[in-house]
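So the structure is just underneath, and the comments pick up after that.
The values are calculated or read from the model by the stated rules, or taken from the named source; none is laboratory data. None of these values were measured; they are calculated from a predicted model. Here the Cβ is made from the backbone with ideal geometry for all residues, glycine too, and neighbour counts use every protein chain on show. Each accessible area value is taken on the protein alone, full model and side chains, heavy atoms only, with ligands, DNA and RNA left out. Shrake-Rupley method; radii C 1.70, N 1.55, O 1.52, S 1.80 Å.
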Amino acid sequence: MTTTTTTTAGGIQAVKPTVGSYVRDYWGKVRGGDLGSLPAVLGLLVLVAIFGIARSDTFLSAFNFANLFNQSAQVVFIAMGLVFVLLLGEIDLSAGFASGVCGAVMAILLTNEGLPWYVAIPAALLTGVVIGLVLGSLVAKLGIPSFVVTLAAFLAFQGVLLLLLSDGKNISITDEFVLALNKSNMSVTWSWIVTLVAVAGYALAQFNRYRSRIKRGLIADPIGIVLARVIGLAVLLIAGTYILTQERSINPVINSLKGVPIVVPIIAVFLVFWTFVLGRTTYGRHVYAVGGNAEAARRAGISVDRIRISVFVIGSFMAAIGGILVVSRASSVDPNTGGSNILLYSVGAAVIGGTSLFGGKGKVIHAVIGGAVIAVIDNGMGLMGYKSGTRFIVTGLILLAAASVDALARRRASATGS
Amino acid sequence: MAATPLLELRGIDKSFGPVQVLHDVGLDVYPGEVTALVGDNGAGKSTLVKCISGIYTIDSGTVTFEGKQVSIHSPREASALGIEVVYQDLALCDNLDIVQNMFLGREKKSGIILDEATMEEMAGETLRSLSVRTVKSLRQLVASLSGGQRQTVAIAKAVLWNSRVVILDEPTAALGVAQTAQVLELVRRLADNGLGVVLISHNMNDVFAVSDRIAALYLGRMAAQVKAADVTHSQVVELITGGRSGNLGLPPEKPSEFIDITPGDGQ
Ligand SMILES: Nc1ncnc2c1ncn2[C@@H]1O[C@H](COP(=O)(O)OP(=O)(O)OP(=O)(O)O)[C@@H](O)[C@H]1O
Ligand SMILES: [Mg+2]
């Protein structure tokens, strides 16, 4: 085995990375307990294989594939917000009903008040922000554990939702724009344009980063790995778009059904945005720092309270979007919108995806991958005819497995660490 | 060496409620020298450091930095002057890498985006200027470093900012022999680079190995500040444990002031 050393930043000697050493490093990290989203990705492949073999006609149909995105949108959005909360080692148990309340605010403004979507949607988002500010301030300024604050809010929001709906009456919505968000698809042409722009954008970002690091004499990931990433994403997106642009209506003459669901680019935009915020901005760096060691962050001059409040704001804001999307899909809001298993599925999505419950470790993509795992289990087992009781038990066990991986990784890291 | 101190403390008093922890403390820190701050557990060393770094505000006394009287109200103000502290309990985030830790709270940006390349270069240069060559990668998570390496990162973080005075609170307390030697060497190098260094330590060997001056605190009072070459191990131990050693240290009547805290004594 040959290793070439090179001189990097400020003349520090370092091993020049090759594709081989990159893979070995990654494997070393995995063995050291830093698994990231590897278990979730593998689990997803296994689940898809199982359901694909058992129910190839229904589970693997393009119709069902498109359906998965619409079904899981609410959980994925709440989970993306929860990643921020979990990064600080906090929890938000009220996110499910917060999304219900925000969805109800939108529905009331649309239907009861007859206001347009461009008033109703911002109002719902603002409701989310206010909820987050209140929760975050109670946690950060009064020092009440987030578990207690959000448990109280969980109960209270359930009540608020009931009152908003005048003791349980459904409110239906008919606004075309809102209904389109989580019901309609992009045209085939637009589907391909969006996909190709996304692939090109990712490739550009990856190559730019590679080039600028090399130009400054810094160590960059080997070009083989960069290429593999770009090609991997391109294959994934193009294959997905290909499937979703096939006709999936049973009776296409009456009602043609094809194209990527509009909710997919909506998820993608938020995924990219929050990933950028966490990875590339000072704010994101400070979120990780506070989650890793709040005292160190405080001594470094970071306003820990502000960071703590902000993650609850982001959490409730994303829950509000989840609420808007679920109301769009159901065309109505009812007293259980955001209730039952929604919150637990969302926390489960973040944790299954690889975000740590202990704080300091997690990425927004984890919410999407974990959300996909949960959606596939729920959908696949449903198609196989299992009762919802069985589905809950299986999802619970998988969440437990993910939490165990997290806890074991932590023990392993502290054993191999300092 | 240099005749004028970089940092001069005079008459520092500090109380926590009814408990006075620092009495009329004076301290001089010279550029290019290591000043060891010694004293028994609870003598007030950490408290004095926190007064200098702005974590605590002093009740009375003056702080003079580079000839100008200053008042420091927060760690930020201390940093702005060029005073950096490496705390007893390391202030590093395990989940961040070396570069991220070194720039925590003072990240370099281009626009709104973090300028990782510049930070990596500066971190690398700083580590090299301290002759640190033991890290595998600047992008290694701090969690995966040894105790000595972590201490090195903490120290490098403190000198990254053109700091003038670096205060280290027991930097070798948790380290083995080899790593202690490594860190002490680093401490010496800081002074050789012209910084004023304050080293808090309970280990007399360490103190005599690297320091030019020794300042001994006894029950919150500065017993003596002497050149390391002028005193012996045992004299310093006496200063630490009794506040006095021969004609060095507090006058005999001073410590007796404390006797009235024992019940039944006094009037
Ligand atoms: N925040 C505080 N409130 C009240 N008393 C304090 C506080 N901080 C320190 N003290 C007291 O001040 C005295 C000096 O403490 P300090 O931590 O400065 O000692 P030290 O010299 O650093 O000791 P060690 O060698 O054990 O680190 C102790 O008696 C301690 O109990
Ligand atoms: Mg101390």
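Given a 1.4 Å probe and heavy atoms of the protein chains only, how would you sort A:VAL188, A:VAL351, largest accessible area at the top? All intermediate terms of the calculation are to be shown ahead of the outcome.
Details: A:VAL188 50, A:VAL351 5 Å².
Accessible-area ranking of A:VAL188, A:VAL351, largest first: A:VAL188, A:VAL351.
Using a 1.4 Å probe on the protein chains only, how many percent of the accessible area of the protein assembly as shown belongs to carbon and sulfur?
On the way: 18870 of 30800 Å².
That share works out to 61 percent.
Considering only B:PHE208, B:PHE103, B:PHE16, give the residue with the highest GNM mean-square fluctuation for chain B, with springs between Cα atoms whenever their separation is below 10 Å.
Judging by the Gaussian network model, the answer is B:PHE16.
Given H placed on each backbone N at 1.01 Å, which residues far from A:SER332 in sequence or on other chains put an amide H within less than 5 Å of it?
A:ILE173
Under 15 Å from the Cα of A:LYS387, which aspartates and glutamates turn up, not counting those fewer than eight places away in the same chain?
Partners found: A:ASP378.
Leaving out ligands, DNA and RNA but keeping every protein chain, what accessible area does B:LYS227 have, in Å² rounded to the nearest 10, with a 1.4 Å probe?
The accessible area comes out at roughly 90 Å².
Which value at 222 nm does chain A reach when only helices count, each DSSP H run of 4 or more adding -39,500 (n - 2.57), with the total divided by all residues and rounded to the nearest 500 deg cm²/dmol?
Working: 16 runs with 291 residues, N = 418.
Rounded to the nearest 500, it is -23500 deg cm²/dmol.
Using Cα springs under 10 Å in a Gaussian network model of chain A, which residue among A:VAL85, A:VAL139, A:VAL23 shows the largest mean-square fluctuation?
Most flexible of the set in this elastic network: A:VAL23.
Nearest 5 is fine: what % of DSSP beta bridges in the protein assembly as shown come out antiparallel, could you say? Can you show the working numbers first?
Details: 33 of 51 bridges.
About 65 percent, rounded to the nearest 5.
Give, ordered by residue number, each residue of region B:95-109 whose 1.4 Å probe accessible area is reduced by a minimum of 10 Å² on adding the remaining protein chains to the chain alone.
Residues of region B:95-109 that lose at least 10 Å² of accessible area once the other chains are added: B:ASN95, B:LEU96, B:GLN100, B:LEU104, B:GLY105, B:GLU107, B:LYS109.
Starting at the first residue of region A:42-57, write each ³J(HN,Hα) from the Karplus equation 6.51 cos²θ - 1.76 cosθ + 1.60 with θ = phi - 60°, in whole Hz, x for Gly and Pro.
Those phi angles translate into 4, x, 4, 4, 4, 4, 4, 4, 4, 5, x, 6, 6, 9, 4, 5 Hz.
For chain B, what does the helix formula give at 222 nm: sum of -39500 (n - 2.57) over DSSP H segments with n ≥ 4, over the residue count, nearest 500 deg cm²/dmol? List each step's numbers first, then the result.
Working: 9 runs with 84 residues, N = 267.
It comes out at -9000 deg cm²/dmol, rounded to the nearest 500.
So how much slack lies between B:ALA178 and B:ARG133, counting 0.36 nm per residue of separation and subtracting their Cα-Cα distance, in nm?
Separation in residues times 0.36 nm, less the Cα-Cα distance, equals 14.7 nm.
Please list, ordered by chain and number, the residues whose modelled amide H lies under 5 Å from the amide H of B:VAL25; skip anything fewer than 5 residues away on the same chain.
It is B:GLY11, B:ILE12, B:ASP13, by chain and number.
Taking a ≥ b ≥ c as the square roots of the eigenvalues of the Cα gyration tensor of region B:22-89, is the shape rounded (a/c under 1.5), prolate (a/b larger than b/c) or oblate?
On the way: a/c = 1.30, a/b = 1.22, b/c = 1.06.
Verdict is rounded for region B:22-89.
Considering only C-alpha atoms, what is the centroid distance from region A:21-96 to region A:264-311, in Å?
Centre-to-centre distance over Cα atoms comes out at 22 Å.
Shielding of A:281-288 by partners, i.e. mean partner chain Cβ atoms within 10 Å per residue?
Working: counts 6, 9, 2, 1, 8, 3, 0, 5.
For this peptide, the per-residue mean of nearby foreign Cβ atoms is 4.
Report the A-B buried area as the accessible area lost on both sides summed, probe 1.4 Å, in Å² to the nearest 100.
Numbers: alone 20850 and 12720 Å², together 30800 Å².
Rounded to the nearest hundred, the buried surface is 2800 Å².
Counting only protein chains, not ligands or nucleic acids, how are A:ILE91, A:ILE223, A:ILE53 ordered by accessible area (probe 1.4 Å), most first?
Values: A:ILE91 30, A:ILE223 75, A:ILE53 145 Å².
So the residues, ranked largest to smallest area, are A:ILE53, A:ILE223, A:ILE91.
Calculate, for A:ILE53 and A:LEU162, the FRET efficiency according to 1/(1 + (r/R0)^6) with r their C-beta to C-beta distance and R0 51 Å; round to the nearest 0.05.
Working: r = 44 Å, r/R0 = 0.86.
Given R0 = 51 Å and the Cβ-Cβ separation, E is 0.70.
Does a label point 7 Å from the Cα of B:GLN20, set along Cα-to-beta-carbon, have any residues of region B:217-244 with amide nitrogen under 19 Å, and which are they?
B:217-224, B:243-244
Once the Cβ-Cβ distance between A:TYR283 and B:ASP115 is put in as r, and R0 is 22 Å, what FRET efficiency do you end up with, to the nearest 0.05? Can you show the working numbers first?
Values: r = 15 Å, r/R0 = 0.68.
FRET efficiency, A:TYR283 to B:ASP115: 0.90.
Please check which bits of region A:255-284 a label hung off A:SER249 would reach, taking the label as a point 7 Å along Cα-to-C-beta and the cut-off as backbone N under 16 Å.
Counting backbone N atoms under 16 Å from the label point, the list is A:255-261.
How would you classify chain A from its alpha-carbon gyration tensor, with a ≥ b ≥ c the square roots of the eigenvalues: rounded for a/c under 1.5, else prolate if a/b is greater than b/c, otherwise oblate? Kindly include the intermediate steps, with their values, before the conclusion.
Numbers: a/c = 1.69, a/b = 1.25, b/c = 1.35.
It comes out oblate by the Cα gyration axes.
Using a 1.4 angstrom probe with every protein chain in place, what is the largest-first accessible-area order of A:SER56, B:SER79?
Details: A:SER56 65, B:SER79 35 Å².
So the residues, ranked largest to smallest area, are A:SER56, B:SER79.
Taking every residue in A:212-224, how many Cβ atoms of other protein chains lie within 10 Å of its Cβ, on average?
What the average comes to for A:212-224 is 2.
What residues of region B:138-157 lie in the reach of a label at A:ARG412, counting those whose backbone N is under 16 Å from a point 7 Å from the Cα along Cα→Cβ?
Correct set: B:144.
Give the calculated FRET efficiency between A:VAL130 and A:ILE223 to the nearest 0.05, with a Förster radius of 45 Å applied to their Cβ-Cβ distance. Don't jump to the answer; show the numbers that get you there.
Values: r = 48 Å, r/R0 = 1.06.
Plugging the Cβ-Cβ distance into 1/(1 + (r/R0)^6) gives 0.40.
What nm distance separates the two modelled labels at A:ALA268 and A:PHE358, each placed 7 Å from Cα along Cα→Cβ?
Modelled inter-label distance: 3.6 nm.
I'd like to compare A:256-262, A:238-244: which one has the highest average count of other Cβ atoms within 10 Å, and what's the full order after that? It would help to have the intermediate numbers written out before the result.
Values: A:256-262: 19.3, A:238-244: 15.9.
Packing order, densest peptide first, comes out as A:256-262, A:238-244.
Compute the accessible area per residue over chain A, keeping the other protein chains in place, probe 1.4 Å, unit Å². Kindly include the intermediate steps, with their values, before the conclusion.
Values: 19410 Å² over 418 residues.
Heavy-atom accessible area per residue stands at 46 Å².
Given a 10 angstrom Cα cut-off, can you work out which residue in B:ASP28, B:ASP115, B:ASP94 is the most mobile in a GNM of chain B?
B:ASP115
Region B:130-208 to region A:150-188: how many Å between their Cα centroids?
For region B:130-208 versus region A:150-188, the Cα centre distance is 57 Å.
Summarise the partner chain shielding of A:298-310 as one whole number: the mean count of Cβ atoms from other chains within 10 Å of each residue's Cβ. Can you show the working numbers first?
Numbers: counts 3, 9, 13, 7, 2, 1, 0, 0, 0, 0, 0, 0, 0.
Counting other chains' Cβ atoms within 10 Å and averaging over A:298-310 gives 3.
Subtracting the Cα-Cα distance from 0.36 nm times the residue separation, let me have the gained length for A:ILE214 to A:SER21 in nm, one decimal. Could the numbers behind the result be given before it?
Values: separation 193, 0.36 × 193 = 69.48 nm, distance 1.77 nm.
That works out to 67.7 nm of additional length.
Test of understanding: what is the full-extension gain from B:TRP161 to B:SER146, defined as 0.36 nm times their sequence separation minus their Cα-Cα distance? Display every interim value, and only then the final one.
Working: separation 15, 0.36 × 15 = 5.40 nm, distance 2.40 nm.
Working it through step by step, the gained length comes to 3.0 nm.
To the nearest 10 square angstrom, what accessible area does A:PHE276 show with a 1.4 Å probe?
Spelled out: A:PHE276, probe radius 1.4 Å, area about 70 Å².
Please list, ordered by chain and number, the residues whose modelled amide H lies under 5 Å from the amide H of B:ASP115; skip anything fewer than 5 residues away on the same chain.
Under 5 Å from the amide H of B:ASP115 lie the amide H atoms of B:LYS108, B:LYS109, B:SER110, each far enough along the sequence or on another chain.
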